[in-house]
Amino acid sequence: MAQADPGGASPAHDATFSAALAGVAVAGALATLLAWLEAGPRVAGGVAIGASLAIANLWAFGAIGRALMSETGHRGPAAGLAIVKVAALFGAAWLVLRHGLTTPLPLAVGYAALPAGALVGALFAPRPKD
């Protein structure tokens, strides 16, 4: 049976999470490449921004999740960070749109790398040993 690390995550969890994170990055890169080929660099830039937000959001979600699942008992700050994470995500998207760096559709297409990549990454993650 896998032993938990001091951060509260088991090695199997780390491998699955890492695979999901890599899946999101690959899905975002593929979406950006397809956008570049089909719609040009401006749209591809918006997709890349959305994919970057997706990767950062999943990474932060993992860090907060590990803190919440930690056995050290310091869950209060992690719960507060979850609220800050959501505010930062919406704030970043608002700033990107407000300053005209992209339009909503390419941003959403890039952010869609999160569920797509996480699903594919988790499906192909290394299997935990019993």
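The values are calculated or read from the model by the stated rules, or taken from the named source; none is laboratory data. Keep in mind the model is a prediction, meaning the values are calculated, not measured. Cβ: placed from backbone, ideal geometry, glycine included. Neighbour counts: every protein chain shown.
Tabulated results
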| item | result |
| --- | --- |
| Pair list, Cβ < 6 Å and 6+ apart or interchain, from the stretch 23-46 residues that are more than 13 Å from Leu105 (Cβ to Cβ) to residues that are of a type in the set (Val, Ile, Thr) and modelled with pLDDT under 95 | Gly23/Val120 |
| Qualifying residue in the stretch 30-49 (condition: among the aromatic types (Phe, Trp, Tyr), loosely packed, with under 15 Cβ neighbours inside 10 Å and out of contact with any strand residue (DSSP E or B) (no Cβ under 8 Å at 6 or more places or on another chain)) | no |
| Any hit, the stretch 29-38, residues being over 17 Å from Ala118 (Cβ atoms), in contact with a Pro (Cβ under 8 Å, 6 or more places away or on another chain) and in a helix (DSSP H, G or I) | yes |
| Test: residue in the stretch 21-28 that is of a type outside the set (A, V, I, L, M) and loosely packed, with under 13 Cβ neighbours inside 10 Å | no |
| From Gly110, Gly100, Gly45, residue being of a type in the set (Gly, Ala, Ser), out of contact with any Asp or Glu (no Cβ under 9 Å at 6 or more places or on another chain), over 26 Å from Ala19 (Cβ atoms) and part of a helix (DSSP H, G or I) | Gly45 |
| Evaluation of Pro77 against (1) surrounded by 16 or more Cβ atoms within 10 Å (Cβ to Cβ); (2) in a helix (DSSP H, G or I); (3) modelled with pLDDT under 95 (one fails), failing number | (1) |
| Residues within the stretch 89-126 that are surrounded by 14 or more Cβ atoms within 10 Å (Cβ to Cβ) and without any contact (Cβ under 8 Å) to a residue 12 or more places away in the chain, tallied | 1 |
